[in-house]
Amino acid sequence: MQNPFRRGVFPHIARVLAPYVIDADEPEKVVYSRVVGEARRRLFEGKSVEAYDWDDIVAQVATELYGLPGRTRAVGPCAPALGEPPHLPPSLDVGMLVRHYCAQPGMVWSLPGAHEALRALKDRGHILVVVSNGYHKYQIPVMEALGIARYFSDIYTPEQVGAAKPASGIFHAAWRHEPEPIHVGDDIIHDGYGARAAGGYSVWLYRNTPEEIRTRTGAGVLPEQRPSADWFPAVRDRAYAATWAVESYGVAADDCVPDALIWDLEELPALVDRLEEERSRGGSRRALYAAQHL
């Protein structure tokens, strides 16, 4: 699903804080760069949970901008005497902004086939949970706006469990009652690598797979066979290189090999059916690919 941060929340924050940027031709871009840069800094310092706390990040950037030389250090009249940081205006409550922009047309959308895939899995009796690096207060409004919250039994987020993807802790918290979990996600490191490293069956959703591979080179190749195909490293490396702050994770591209690759969510229910059929026969989900070649 697409959240409203890039199109709504971040531009709003940039507009509010732009007047506090000194000597810049494009102050809104400066604000955006500082906000994203602070999140990036936290990732590189190993503060993976704090790196997704956008309220705290924005508050820190705002405080720094308000306190620059030549600017009034405090918004409230008593703040200088008390040594307090400036109080942020209500419009910088990120959780509130998420809720606001979720209600605006064109700000959030679900991936093609999302409702159909979730409904099919739910109807088959599967327990669905969300494992997200987006804090609960940012995630729930998006899910509710898109009408997909009803499919999920629970949601696990960094501030709740004290860990963020790709660390194993957040996966283990979500999987504590499921001995053979299947994880689906669209980030090659967070999901493709992280879920498998944590012991789950990792399904990587990559909708940007080149059309040549979809329709010719990889045509007829099942999702669970694709990570072993000779063209897979090129696809994986392309996604890896595009990963934001990729160096902060300490994970090599060659380590990112999911158990399955799907190009669209429409492929997911059939894949899960095959995995469940293999398990019902007493086999391992990871043995499925080998079994198909015997």
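The values are calculated or read from the model by the stated rules, or taken from the named source; none is laboratory data. This structure is a prediction, so every number in the text was calculated from the model and none was measured. Cβ placement follows ideal geometry from the backbone for every residue including glycine, while neighbour counts extend to all protein chains displayed.
Collect the residues in segment 18-34 that are buried (at least 17 other Cβ atoms within 10 Å of the Cβ) and part of a helix (DSSP H, G or I), keeping them in residue-number order. Walk me through it before giving the result.
Step one: filter segment 18-34 for residues buried (at least 17 other Cβ atoms within 10 Å of the Cβ), giving 18, 20-21, 27-28, 30-32, 34.
Matches in segment 18-34: ALA18, TYR20, PRO27, GLU28, VAL30, VAL31, TYR32, ARG34.
Cβ-Cβ under 6 Å, sequence separation 6+ or interchain: first residue in segment 224-249 and within 25 Å of ILE182 (Cβ to Cβ) and at pLDDT 95 or above, partner assigned to a helix (DSSP H, G or I) and among the β-branched types (Val, Ile, Thr). Which pairs?
Once the first residue is within 25 Å of ILE182 (Cβ to Cβ) and at pLDDT 95 or above and sits in segment 224-249, its partners that are assigned to a helix (DSSP H, G or I) and among the β-branched types (Val, Ile, Thr) give TRP231/ILE213; TRP231/THR217; ALA239/ILE188; TYR240/ILE188; THR243/ILE189; TYR249/ILE189.
From the list ARG15, ARG6, exactly one residue is among the basic types (Lys, Arg), on the phi < 0 side of the Ramachandran plot and either surrounded by 15 or more Cβ atoms within 10 Å (Cβ to Cβ) or without any contact (Cβ under 8 Å) to a residue 12 or more places away in the chain (or both). Which is it?
It is ARG6.
For the condition assigned to a loop (DSSP other than H, G, I, E, B), surrounded by fewer than 16 Cβ atoms within 10 Å (Cβ to Cβ) and modelled with pLDDT of 95 or more, what is the one hit in GLY46, GLY76, GLY70, GLY37?
One residue alone meets the criteria, GLY46.
Residues in segment 174-183: is at least one among the small types (Gly, Ala, Ser), surrounded by fewer than 16 Cβ atoms within 10 Å (Cβ to Cβ) and within 26 Å of SER48 (Cβ to Cβ)? So that I can check it myself, show each step before the final result.
The initial filter retains those residues of segment 174-183 that are among the small types (Gly, Ala, Ser), namely 174.
Filter once more, keeping what is surrounded by fewer than 16 Cβ atoms within 10 Å (Cβ to Cβ): none.
No.
Across segment 250-273, which residue is nearest to VAL203 (Cα to Cα) among those that are among the acidic types (Asp, Glu) and part of a helix (DSSP H, G or I)?
Filtering segment 250-273 for residues among the acidic types (Asp, Glu) gives 254-255, 259, 264, 266-267, 273.
Now drop any that are not part of a helix (DSSP H, G or I), which leaves 254-255, 266-267, 273.
Details: ASP254: 17, ASP255: 15, GLU266: 13, GLU267: 11, ASP273: 13 Å.
The residue in question is GLU267.
Can you tell me which residues in segment 98-122 are surrounded by fewer than 15 Cβ atoms within 10 Å (Cβ to Cβ) and among the basic types (Lys, Arg)?
Passing the criteria: only ARG119.
To keep it simple, each residue is scored yes or no on (1) assigned by TED's automatic domain parsing to the domain that holds ALA197; (2) exposed (fewer than 14 other Cβ atoms within 10 Å of the Cβ); (3) part of a loop (DSSP other than H, G, I, E, B).
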{"site": "GLU212", "(1), (2), (3)": "yes, yes, no"}
{"site": "ASP230", "(1), (2), (3)": "yes, yes, yes"}
{"site": "TYR240", "(1), (2), (3)": "yes, no, no"}
{"site": "SER248", "(1), (2), (3)": "yes, no, no"}
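At pLDDT 95 or above, in a strand (DSSP E or B) and either within 17 Å of the chain's Cα centre (by Cα) or not assigned by TED's automatic domain parsing to the domain that holds GLU224 (or both) - does that describe any residue in segment 158-165? Even if it seems obvious, please write down each step before you answer.
Here is the first cut: in segment 158-165, the ones at pLDDT 95 or above are 158-165.
This time we only want the ones that are in a strand (DSSP E or B), so: none.
No.
Within segment 1-51, how many residues are basic (Lys, Arg), in contact with a Phe, Trp or Tyr (Cβ under 8 Å, 6 or more places away or on another chain) and over 23 Å from GLY106 (Cα atoms)? Break it down into steps so the answer makes sense when it comes.
Residues of segment 1-51 that are basic (Lys, Arg), as a first pass: 6-7, 15, 29, 34, 40-42, 47.
In the following step, the residues that additionally are in contact with a Phe, Trp or Tyr (Cβ under 8 Å, 6 or more places away or on another chain) were identified as 7, 40.
Now drop any that are not over 23 Å from GLY106 (Cα atoms), which leaves 40.
Here the count works out to 1.
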